[in-house]
Structure formats: structure tokens, C-alpha cells
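Since the structure comes first, as C-alpha cells, the remarks are kept for the end.
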Amino acid sequence: MQAERDVKAISDPAAVWDRYFEIVQATTPELLDQIYALRFQVYCMEHRFEDPSNYPSCREWDRYDVNSQHIALLYRASNEVVGTGRLILPCGPPGSALPILSLVSLDALNELKQFPIHQLGEISRYVVSKNFRRRKGEDEFPDVGFSPEQTSDVRRILPHLTLGLIRGLLQLGVTQNLRYFCACMRPALLRLLRQLGFEFKPIGPLVDHHGLRQPCVAAVADLLTGLGDFEMTERRL
């Protein structure tokens, strides 16, 4: 029976992923503390996006966190947070809670204003522990070296951390009744998401924010469709 379960797991990448990882909404002080500690390690110590001297507690956070929903990627073997992302929610005066609106060009800003601001959330602080981005090319994000041509059994059953984080953020978006996501993403991450079936529309030119980032937007319904299509494809492989 155990052998049969192992064969079934190998043929089902989603089952393998769920065996090793779990995505949860971070609502407890303990989980949030782990998230801020991981963000400090990646944003301040590894990539120097932020000045570590501004965070004497070794916890990276900003004013947008109080109006955000957070997800935690847990590694089941150690129950530690090895990845995270947040969804900044709209609140206050129209658009005041979304940092993207202060970063983009005027043309991109006008395009964003065409979306209902109370149904637009912003994805940011997408972070993965360096212990889980050790493959070639994975300097900031996991799976950026992924290609549809990589179809070996080993590659198929490796956990797609990006997929798990996007799935968690989508669940948050649905529970918050959001219809659209916006973000400023690295071009490499946008290409990966496109390969996985998640199409974000670029708006305006690249902006310099923790390196060159592409402002983009996507409909939650379209991303959910992409998630379903990808998981069905994986099960057929």
C-alpha cells in the first residue's frame, strides 16, 4: 500500500508539493514575526534593497503592512517560514494605500485609474529563503530558470514555490472580494508567471524600485483560470 501511495504521489506534482509545503494566511504574531525576519534577511542583508541600520530589531516592515494581508510558505519538515508575500488592500482616500501609484509614469497612472480602486490590491514583498532558490539563475526568485521543455520526472515533482505563493495570494484576493491585482515585478518573474499561465499586463515603462521593475496589472478571474489550467496540465504529465 505504501508503494502504491508513493507511485501516486510521484505522478501528482500537487500531492508532492503539499507533502513538503503549506501556504497559510499569517494572522498570528508568531508567523508575522517570522515573515518580517525573513524579509530582513532577504531585503536588507542579501540584496541591500533596504538599509539594515533602519531595522535594529532585524525585522523589515513598513507602513503598508498594517493594511496588508500576508501569506506564509511553511516548510513542513521544520515548520519554518521559507517564503512570503503580501497583498496591500485599498483603503482611505482612493488609491492612497497602494504604493505603486507613486512609482509609475503618468500614462501608467492614468491606466491604473481605469480600474475600480476599491477592488484593486497590490502584490509586494514576494520573498523566498535563499535555501530554496539554489538552482541556476535563482538569485532573487525561485523557479526563474523554469522552462516548458524541462520535462524530466525530477523536475516535474520539484515544488513550484512561485506557484504556491501565487495560489495563496489569489485565495486572499478572493476572500477580500478583489477583482484586480497590480504589482511592480522583476521582468524575470513576469516571464516565469507567463510560462505558468499567469498573464500580467505591463503598464508603462520600467521603474527603478529595488532594481528595475515592470508595473503590471491582472484580473483575478484570469489568474484563477491560469491556476486551474496549470494544475490540470501538471496532472497530465
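Here's how it looks for Met185: its modeled amide H is under 5 Å from those of Gln214, Cys216, which are all 5 or more places away or on a different chain. 3J(HN,Hα) along the range 63-72: 5, 7, 5, 5, 10, 10, 9, 10, 10, 10 Hz, from the Karplus curve 6.51 cos²θ - 1.76 cosθ + 1.60 with θ = phi - 60°, whole Hz, x for Gly and Pro.
Amide hydrogen proximity for Gly83: with H placed 1.01 Å from N in the peptide plane, the residues at 5 or more positions away or on another chain lying under 5 Å are Leu73, Ser129. Converting phi to 3J(HN,Hα) with the Karplus coefficients 6.51, -1.76 and 1.60 and the offset θ = phi - 60°, the range 209-223 yields 8, 6, x, 6, 10, 9, x, 7, 8, 8, 7, 4, 4, 5, 5 Hz in sequence order, with x at every glycine or proline. Computed from backbone phi with θ = phi - 60° and the Karplus coefficients 6.51, -1.76 and 1.60, the 3J(HN,Hα) list for the range 32-41 is 5, 5, 5, 5, 5, 5, 5, 4, 4, 4 Hz; x is used for glycine and proline.
Bear in mind these aren't lab numbers, they're just calculated from the coordinates by the rules spelled out. All figures in this text were calculated on a predicted structure; none of them were measured in a lab.
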